[in-house]
Every structure is written in structure tokens, then in C-alpha cells.
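Student: Dropping the structure in here first, questions after.
Just so it is clear, none of the values below were taken in a lab; they were calculated from the coordinates. Please read all numbers here as calculations on a predicted model, not as lab measurements. Note: ideal-geometry Cβ built from the backbone for every residue, glycine included; neighbour counts use all protein chains shown.
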Amino acid sequence: MAEKDQEVGGKVGGEVRSATLLIIGDELLAGEIADKNGPYLAEQLTARGLRVVELRVLPDHTDTIAGAVRAALAKSSLVVLCGGLGPTSDDRTTEAVAQALGRQTVHDDEAWEHIRDVFGVPDHEPPQGNEKQAQIPEGAVVLQNRWGTAPGYLATEGTAQVAVLPGPPRENRPMFTEALWPLLAKEAGAGPLAETRVFRVFGLPESGVGDRLREVEAAYPDLRVGYQARFPEILVKLRLDSTQHEIGDAAAQALHQALGPHLYSEGEATLPEVLGRELAAQHKKVVTAESCTGGLAAKLLTDIPGSTGWMDRGFVTYTNEAKTALLGVPEALLAEHGAVSEPVVRAMVAGALQRSEAQVGIAITGIAGPTGGTKDKPVGTVWLAWGHRDDIEARQLRFPFNRDFNRIVSAWAALGQLYRFVLKG
């Protein structure tokens with residue numbers, strides 16, 4: 001089935017609408033800050049059934065922006081600009097959009113009153129430069145900004161539309177959801193939102209996930225399957241429309257069967273969150289004992305709201321002396337096997353459990369790099385242990401990444417092992 005027949009949210013007359021994103025800012029091109037608006041808006045539009053055909057980052061230059069708008073209108077039914085709506089001389093987006101559309105800018109009284117109100121003193125005029133933020137292209141519909149001063153707006157040009165949003169994410173994200181998209185959907189006569197089901201996978205490379213799902217893709221050719229590597233996990237996305245719920249459910253079941261325990265969550269819940277939910281459901285608490293990860297596993301767990309209900313405590317025992325003093329790891333064990341070994345990691349989790357009120361625990365010891373490796377234990381060698389007082393399991397892993405990534409994936413791996421352990425009851 002062709003893509004245009006699948007995604008209902010962005011359809012107009014049965015065709016999928018195409019969109020171009022133009023992100024404005026000299027600071028982006030200079031590398032001073034990273035663009036977070038383009039990826040966000042692309043994801044939001046795609047989830048709603050539009051096909052994003054181009055994403056460009058442009059300088060704060062009137063003619064360049066105007067030319068890009070005209071070029072985008074030639075191939076897209078929706079052009080979204082983000083940024084360049086501030087009060088200073090280098091904010092030129094509105095001037096450029098008006099130039100591209102061949103229109104004058106007009107003063108919008110409602111937008112100006114809002115800008116004045118933002119400054120908090122009704123009888124005090126804001127700085128003169130802010131008045132330019134109340135200028136919009138003639139005929140455009142204002143999108144009020146409850147999170148800042150600059151309004152957005154939506155202009156219609158023939159069968160296409162040009163939407164303009166301010167640059168700060170704290171402003172443009174709620175504006176997109178609450179102001180722009182409802183207006184787009186209403187004016188375009190769009191159908192219900194296309195559905196994207198997200199499946200979270202950990203413990204397999206992207207190629208491995210693709211191999212396991214090859215038969216699933218062949219069995220469900222009417223669905224689009226997408227893959228996104230978001231270290232250290234892989235996101236698998238099923239895109240379907242409102243007529244495909246039944247086939248979507250069947251495909252989801254096939255995904256679970258193909259990926260097994262590596263598919264740990266469907267939706268937004270991350271691995272630490274689903275582990276926490278399961279611990280809470282079983283009325284259990286967890287303790288962590290970490291060496292090379294320096295407390296990262298404990299941080300991942302305590303980043304989750306409500307973690308006080310299932311997180312007991314964490315030990316960071318970076319040196320051999322700390323492992324002995326805080327966890328009771330015997331000095332003789334460390335001398336014989338070394339800190340990065342199965343006997344030591346088992347002793348670490350056993351000691352943590354004995355010194356806590358937790359029912360389950362994890363321990364991590366390894367060589368994150370870039371130095372410290374040997375022939376027998378190269379950089380990336382990690383030992384994990386998990387379990388409860390009467391049942392402790394351990395596993396050695398070797399990772400090929402740099403120091404930061406080795407630490408991250410080690411913490412995730414420990415949480416993943418514990419999650420599967422807890423699921424068994």
C-alpha cells in the first residue's frame with residue numbers, strides 16, 4: 001500500500017500533505033547552539049500524517065529566508081518557520097515571510113495588548129523594539145503565545161499554508177500543540193490523527209532488530225515500520241491509520257514474539273520507569289552497588305518521579321578499599337580475582353543487600369576506559385550481578401564504545417537484567 005493511503009492525519013482529498021521546515025538563526029549555523037526545533041517539529045508532523053520533505057537551517061537574512069519560503073511553497077502544502085520573531089534588528093522572519101508572499105505587514109492590536117500584558121504593568125509601555133513583534137503579514141491568522149511575547153501566525157497562500165512560530169522551545173512546543181495544529185487540522189479538513197505505536201528495545205543492535213523483524217514486515221505490508229537508534233535503545237515505530245487498529249494489534253503481538261525480552265516497553269515509558277513500576281507492583285525495593293558507572297544506575301532510577309517508593313539506597317565504591325569498607329568485599333577476593341571479576345561483583349551485590357532494606361539489587365564493576373584495560377580484560381569489559389539474597393546471577397559483557405557510552409550501556413544493562421529477573425517474580 002502506498003504511503004499516501006496510510007496516513008490519515010495529514011490527508012487532503014486522499015493525498016498526504018507534504019511539509020517543509022525552515023529553522024532560522026545565525027547562532028545555529030555558527031554552531032553556538034544545537035537545533036532542537038527541527039527534529040521536534042518533524043516528529044510532530046510525521047506523527048500526524050504529514051510527509052516532511054525538507055528541513056533547512058537558515059541565517060537571519062531577509063532575502064535568504066524569503067527565497068527559501070518561495071522555494072518551499074513550490075513543493076510543499078505546508079511550510080513551517082521557527083525562530084526570528086524577537087524584538088531585535090537581527091530578527092527578520094516576519095519581514096521575509098511578507099516579502100515572499102508579496103504582502104505588507106500590519107499591526108495586530110490583540111498581539112500588542114498581549115505583549116504589553118506580559119511586561120506586567122498595564123500602564124507601562126514595553127521597550128519600543130517589542131512593537132515589531134505585533135507586526136504580522138496582512139491576512140495572516142495570529143497564534144497567541146501564552147508562554148512569551150512574540151505571537152505566531154498562519155498565512156494561506158493559494159492551496160498552501162505558511163506557519164510561523166517563535167524560536168524558544170518552551171514557547172513553540174505548546175503553541176504547536178494547542179494553537180497551530182488544531183487550526184491546521186480544521187482548515188485542511190484533515191481526518192483523525194495518524195497513529196504511531198512506539199516499541200522500545202534494548203540489548204540488540206539496530207541491525208539485529210531489523211533481522212528479527214524482517215518476517216514481520218513481510219507479513220504486514222500495509223503497515224510502515226520505522227527504526228530509530230536512540231542510544232542505548234532502539235525504537236521501532238509502527239505507523240497506521242484509524243482503519244488499521246486490528247491489524248496493528250496483530251503486528252504488535254508479532255513484534256513482541258520476534259523480539260522477546262528485548263522489547264521491554266510500548267509507548268513512552270523507559271527502562272528505569274518500567275522497572276520501577278514492576279518493583280512498586282511487587283512491593284519491593286532496590287539497592288545499587290556501582291564502581292565504573294559511578295552512581296549512574298542509581299541516577300537513572302531516581303530520575304523517575306515516585307522512586308522513593310521503590311529505591312532504597314545506592315553505594316558508589318570506586319576503589320578496592322571502598323568495596324571492602326562499604327560492601328564487605330573480602331580483600332583476598334579482590335587480590336585473587338581483581339575488581340573486575342565475577343566473584344567480586346557477586347560479593348558487591350550480596351554486601352549491598354545485607355547493608356540495606358532492599359529485596360533486590362544490582363552491582364556493576366568494569367573498565368570504562370580509555371585506559372586501564374589489559375589483554376585479558378580489555379577496555380569495555382564489565383561484570384554485572386543482580387538478584388536477591390538467595391538468588392544472585394552474574395554476567396560478563398564487553399562493549400566497544402568510548403568511556404561515556406560504556407558507562408551508560410553498562411547501567412542500562414544492569415537495569416535490564418534486574419527487570420527480567422523481577423518479572424519472574
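Student: Two decimals, Cα atoms only, Kirkwood Rh: what is Rg/Rh over segment 317-400?
Tutor: With Rg and the Kirkwood Rh in hand, the quotient comes to 0.97.
Student: Using Cβ counts within 10 Å as a stand-in for footprinting exposure, how do PHE231, PHE176 rank, fewest first?
Tutor: Fewest-to-most ranking of PHE231, PHE176: PHE231, PHE176.
Student: Moving on to the next point. Using only the Cα atoms of segment 191-291, each taken as one equal point scatterer with no solvent, compute I(q) by the Debye sum, divide by I(0), and report log10 of the ratio at q = 0.12, 0.14, 0.20, 0.21 Å⁻¹.
Tutor: At q = 0.12, 0.14, 0.20, 0.21 Å⁻¹ the computed log10 ratios are -0.46, -0.59, -1.02, -1.09.
Student: Only Lys, Arg, Asp and Glu count, each charged at its Cβ (+1, +1, -1, -1), so figure out the dipole size of segment 203-266 about its Cα centre, rounded to 20 debye.
Tutor: That gives a dipole near 200 debye.
Student: Could you tell me what percent of the DSSP beta bridges with both partners in the chain are antiparallel, to the nearest 5?
Tutor: 60
Student: Any chance you could run the full-extension gain for THR371 through ALA325? It's 0.36 nm times the residue separation minus the Cα-Cα distance, nm to one decimal.
Tutor: Stretched fully, the THR371-ALA325 segment lengthens by 14.0 nm.
Student: Let me ask you something else. Residue farthest toward the positive end of the dipole of segment 271-423, with Cβ of Lys/Arg at +1 and Asp/Glu at -1: which of THR302, SER356, VAL379?
Tutor: Going by the Cα projections, it comes out as VAL379.
Student: Let me ask another. Which ³J(HN,Hα) values in Hz, rounded to whole numbers, follow from the phi angles of segment 412-425 under the Karplus curve 6.51 cos²θ - 1.76 cosθ + 1.60, where θ = phi - 60° and Gly and Pro get x?
Tutor: For segment 412-425, the Karplus curve yields 4, 4, 5, 5, x, 5, 5, 4, 5, 5, 5, 4, 6, x Hz.
Student: What does the extension gain come out to for ASP26 and ASP222, with contour length at 0.36 nm per residue minus their alpha carbon separation?
Tutor: Value of the extension gain: 66.3 nm.
Student: So how far apart, in nm, are the two label points at PHE231 and TYR318 if each is 7 Å from Cα heading toward Cβ?
Tutor: 2.2
Student: I need the calculated FRET efficiency for the pair LYS424 and ARG403, taking r as the beta carbon distance and R₀ as 30 Å, to the nearest 0.05.
Tutor: 0.35
Student: Separation of segment 344-361 and segment 22-62 by C-alpha centroid, Å?
Tutor: 48
Student: Could you rank the peptides 68-78, 321-331, 147-157 by their average count of other C-beta atoms within 10 Å per residue, with the highest value first?
Tutor: Averaged packing, sorted descending, gives the order 147-157, 68-78, 321-331.
Student: By per-residue mean of other Cβ atoms within 10 Å, what is the highest-first order of 347-359, 407-419?
Tutor: 407-419, 347-359
Student: Shifting gears a bit: For segment 370-401 and segment 231-282, write down the distance between their C-alpha centroids in whole Å.
Tutor: Spelled out, the Cα-based centre of one part sits 28 Å from the other.
Student: Then there is this: Given the DSSP H assignment, sum -39500 (n - 2.57) over each helix run of at least 4 residues in the chain and divide by its residue total; what's the result at 222 nm in deg cm²/dmol, nearest 500?
Tutor: Only helices count here, giving -11000 deg cm²/dmol.
Student: Post the alpha-carbon centroid distance, segment 98-115 to segment 163-184, in whole angstrom.
Tutor: One Cα centre to the other: 17 Å.
Student: Sorted by average packing, counted as other Cβ atoms within 10 angstrom per residue and highest first, what order do 370-376, 340-346 take?
Tutor: 340-346, 370-376
Student: Determine, at each q value in 0.14 (inverse angstroms), the log₁₀ of I(q)/I(0) that the Debye formula gives when each Cα of the chain is one equal point scatterer.
Tutor: -1.13
Student: In sequence order, what are the phi-derived ³J(HN,Hα) couplings for segment 83-94 according to the Karplus relation 6.51 cos²θ - 1.76 cosθ + 1.60 with θ = phi - 60°, rounded to whole Hz, with x for glycine and proline?
Tutor: My calculation for segment 83-94 gives x, x, 10, x, x, 9, 5, 8, 9, 10, 5, 5 Hz in order.
Student: Another question about this same structure. In debye, nearest 20, what is the charge dipole magnitude of the chain about its Cα centre with +1 on Lys and Arg Cβ and -1 on Asp and Glu Cβ, if you could check?
Tutor: Using only the charged Cβ atoms, the result is roughly 1520 debye.
Student: What do you get for Rg/Rh over segment 271-423 if you use C-alpha atoms and the Kirkwood form of Rh?
Tutor: Looking at segment 271-423, the ratio lands at 0.95.
Student: Now for a different question. Please rank HIS61, HIS107, fewest neighbouring Cβ atoms within 10 Å first, as an exposure proxy.
Tutor: HIS107, HIS61
Student: May I ask you to compute the full-extension gain from GLN104 to LYS75, defined as 0.36 nm times their residue separation minus their alpha-carbon distance, rounded to one decimal in nm?
Tutor: 8.0 nm
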